[in-house]
Amino acid sequence: MPELPEIETIRQGLAPHLEGRRLRRVDVRRGDLRIPVPQDFAERTENRRVTRLSRRGKYLLMALDDSAVIIAHLGMSGRLVLAKQEADGRGRHDHLIFETEDRARIVFNDPRRFGLFTITELSGLESHPLLAEMGPEPLDPAFDATALSATLQSRNTSIKTTLLDQRVVAGIGNIYACEALFRAGISPRRKAKGIVGCRAERLVMALKQVLGEAIEAGGSSLRDHRRPDGELGYFQHSFAVYGREGKPCPGCDCCTDKTGGIRRLVQSGRSTFCCLRRQQ
């Protein structure tokens, strides 16, 4: 599933083509996604001007000039791409097409149909069921060690599992939780409520650094992620632990023959990659 860096990369790539543009045509080719596209979606969005394209966690938010907001989520395999040829948008898994007044076409492709597109009013955006319980944005300056520790005080689950809870921190998924915990030197099995003081400071710093570097690299392209222009992200080439089971971890002097190198654990049904020597 695309995480915060991938969605932010997509936002940055689409904003120049959408912001300030009128949606000349909105074609819902297939609306039976994870949450069905509203029946009146095209009617409510066609001929409206996009005033702003923003992000909340793993959601894209497209504000329109009538105070409506399109909420989009790419699910597990969804992509938003800029059509380069006339045939683009006619594929089997091309479910929505947005065409602007200057003929730019943005195509939503989703083979598994786990994505979603819905629409709400700006006045009710923060209380919308998809967004109401989301935690703070990790790249927000207000997100600091004090704020994180306060949220974790009552959490008896492991810190890795807790970071995946969007009510704790918005936008973090499996990849960046593993990478940030490694960089912070924190065991993924440590209880979340024990992340206080210098540990909380290290974790917040690691989250901000990893996410910032991933955005700069265009996200991580493992299976489905592509930037709107079709190019791959390349942060996957900078992974310290994710997907590197059995390999030596960077900056660590542990002997893989003795320690097994980077370990793969299973926590709450999800793979966790870590160095048991470096992460305490």
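The values are calculated or read from the model by the stated rules, or taken from the named source; none is laboratory data. For clarity, every value in this text was computed on a predicted model and none was experimentally measured. Glycine gets a Cβ as well: all are built from the backbone with ideal geometry, and neighbour counts include every protein chain shown.
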Would you pick out the residues in the stretch 112-134 that are outside any strand (DSSP E or B) and in contact (Cβ under 8 Å) with a residue 40 or more places away in the chain?
R113, F114, G115, L122, S123, L125, H128, L130, L131, M134
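Give the stretch 4-21 a look and list any residue that's of a type outside the set (A, V, I, L, M, F, W, C) and either under 18 Å from the mean Cα position of the chain (by Cα) or buried (at least 16 other Cβ atoms within 10 Å of the Cβ) (or both), or say none.
Passing the criteria: P5, E6, E8, T9, R11, Q12, G13, H17, R21.
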Tell me which residues, restricted to the stretch 75-104, are crowded, with 16+ Cβ neighbours inside 10 Å and in contact with a His (Cβ under 9 Å, 6 or more places away or on another chain).
S77, G78, R79, L82, T100, A104
Would the stretch 131-147 turn up any residue that is surrounded by 17 or more Cβ atoms within 10 Å (Cβ to Cβ), among the charged types (D, E, K, R) and in contact with a Phe, Trp or Tyr (Cβ under 7 Å, 6 or more places away or on another chain)?
yes
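Please give the helices (runs of 4 or more DSSP H) falling wholly within the stretch 158-265 in which 1 or more residues are under 26 Å from V81 (Cα atoms) and either touching a Leu at 6+ places or on another chain (Cβ under 8 Å) or not assigned by TED's automatic domain parsing to the domain that holds T9 (or both).
Because the criterion is at least 1 residues that are under 26 Å from V81 (Cα atoms) and either touching a Leu at 6+ places or on another chain (Cβ under 8 Å) or not assigned by TED's automatic domain parsing to the domain that holds T9 (or both), the helices (runs of 4 or more DSSP H) in the stretch 158-265 that meet it are 174-184, 197-216.
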